[in-house]
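One structure below.
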Amino acid sequence: MDVLSGFSSGTTWLVFSAFTLSAAFVTTGLGKRLAYWFILKFGGTTLRLGYVTALLDLMLSPATPSNTARAGGVVFPIINSIALVLGSTPKESPRQAGRYLMVNIYMVTKTTSYMFLTAFAGNALALQLISDIFHIRISWVGWALAGVPLGLLMLAVIPYITYKIVRPQLKEIDNVKIATAGLNDLGPISSKEKGLIVVFISALSGWIFSHYLGLNESSVAVIAMAGALLTNVICWNDVLQNKGGWNTLIWYGGIIGLSATLSKEGFFKWLAAFMSEHLDFLGAGNTTIVIIVFLSIVVRYLFASGGAYVAAMVPVFATVGLVTGTAPALLALAILFSNSYGGCITHYGGAAGPIIFAAGYNDIKSWWLTGTIIALLTFLLHMVVGIPWWGFLIQHGIL
C-alpha cells in the first residue's frame, strides 16, 4: 500500500492542478490573444518574432507544466500560421522563415521549462525523487531564484543564435497586418479571459508568498484550480477532457509512491554503498557536478520522453552524487535544470519536439546542430555562472 502513497503527495496534485490551469489558456483563447499582442508590438522582423516566441512562452510557463501544451498547443499553431502567411511552406520554401521559427519554439520552451518548478511536469517529479535521496527541500520561490536569472540570460541569446545558425531568408514582416487580423478574429476580450488573468496572477502571488501565507505550493495550485472552476473560467467538462492532466496524475502518483517506498526500504542507501564499493569515482567537488551533468545531457539521445528520462535516470545521477559526497543542493539544482535543456539536442527530446518537427520545415541535421549548440552553451552557463550563484543563495540562506 505504500506505493499508493504517491497519490496523497502534494507534488502530484500540484502538477494536476497546474495542468488544468494551462488548459484554460487554450480554451479561453487568452494564449492566442497574448501572442498576437506581442506580435503587434514587437514582431517587425523575423528575428523579433523569435523573441516574441520567447516572451510568450516565458509568460505562460509559470502556470503551464505541460511544455507540450505550451509550445505545441498555444505557440506552435500561431507561429505556424504566421509562417504560412509569410509565404514559407514546408515543401517549397521552408528556409524563408518557417525553419527558423519552428526550431526556435523548441529551444525556447526547453529553456523556460527549467525556470519555474511549475513550467515542466518533470520538474516536480525530479524534485521529489531527488528529495528522497538527498533529503533537501526547494520551494517554488527558491527554484525560481535559482533558475530565472540563468534562463533569462539564455532567452536573451537563443533567438539570435538560432537565427545565425538557421539564417532565414525573409528578414522583414508585416506584423501589424498579421496581428490585427488575428485579434479581430478573436474579438473583444471575454469575461473568461479576464477571470483567467485574475486567477493566473493570484496563483503566481500565492506561490511567491506561500511562506508568508502559511500555504504550500500544492495548496495554492488546488485553490487556483478551484477558483477557476467557481468563477466559470473553466467548467468541469474541461477538467475531464484534460487527458494530459489525468495521465500525469496516474503515473506521477505511482512513481512518487514507488520512490518513497524504495527510500523507506533503504534502496538508495544500498545503491550508493554498492557504487562506492565497486566503482572508482572522482573526488568530491564541482568537477564531479560538471561530469555528472554532462553525462545527463549525453544520455538524452537515448530518451524520447522527458518524463521517462526523469523517472529512469535522475535517481541514478543523484545516487552517484551521493557516493562522491558532492554538495547535495548544488548537484540537485544542476541535475534538475539539465532535465529540461538537455532535451534540446534532439527533435524527440520532449513531446513538443515531434509536434513541431512534424510540420515539415526542419531537417534533422540543422535541428540537432542548433540543439547541441544551445544545450552546450546552457551547460557552460550553468557550470560557470550557475554554481557560484546557487552557492551564494545557499550560503545566505535564501535557497
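Which shape class, rounded, prolate or oblate, goes with the range 2-395 when its Cα gyration tensor gives a ≥ b ≥ c as root eigenvalues, a/c under 1.5 marks rounded, and past that a/b bigger than b/c marks prolate? Oblate is the answer for the range 2-395, as a/c is 1.5 or above yet b/c matches or exceeds a/b. Based on Cα contacts under 8 Å between residues 6+ apart, the chain shows a relative contact order of 27 percent.
Taking label points 7 Å from Cα along the Cα-to-Cβ direction, W270 and W246 give a separation of 3.7 nm.
Of H135, H382, the sequence from fewest to most neighbouring Cβ atoms within 10 angstrom is H135, H382. Compared with the dominant Cα axis of the chain, that is its longest principal axis, helix 267-278 is turned about 70°. Taking N184, N123, N104 in turn, the Gaussian network model of the chain (Cα-Cα springs below 10 Å) assigns the largest fluctuation to N184.
The phi torsions of the range 107-116, fed into the Karplus equation with coefficients 6.51, -1.76 and 1.60 and a -60° offset, translate into couplings of 5, 5, 5, 6, 8, 5, 5, 9, 7, 10 Hz, rounded to whole numbers, with Gly and Pro shown as x. The long axis of helix 286-298 is offset from the longest Cα principal axis of the chain by roughly 50 degrees. With 24 Å as the limit, the listed pairs K110/K192; K41/K171; K41/K194; K110/K177; K91/K164 have K110/K192; K110/K177 beyond it between alpha carbons. A Gaussian network model of the chain, with springs between Cα atoms under 10 Å, assigns the largest mean-square fluctuation among I197, I387, I355 to I197. A cut-off under 15 angstrom between Cβ atoms defines the neighbours of Y341, and their net charge, with Lys, Arg +1 and Asp, Glu -1, is +1.
Springs join every pair of Cα atoms under 10 Å in this Gaussian network model of the chain, and among A63, A226, A351 the largest mean-square fluctuation is at A226.
For T45, the residues whose amide H sits under 5 Å from its own are I173, ignoring neighbours fewer than 5 places away on the same chain, with H placed 1.01 Å from N. Taking 7 Å steps out from each Cα toward its Cβ at T27 and L369 produces label points 4.4 nm apart. Using only Cα atoms, tell me the angle between helix 10-27 and the longest principal axis of the chain; keep it within 0 to 90° and round to the nearest 10. It works out to around 0 degrees. On full extension, the segment bounded by V298 and V198 gains 31.9 nm, given 0.36 nm per residue less the C-alpha separation. Between S139 and N286, the modelled labels are 2.7 nm apart [label points 7 Å from Cα along Cα→Cβ].
Bear in mind these aren't lab numbers, they're just calculated from the coordinates by the rules spelled out. Note that the structure is predicted; figures quoted are calculated from it, not measured. Positions of Cβ are generated from backbone atoms using ideal geometry, with glycine treated the same way; all protein chains shown enter the neighbour counts.
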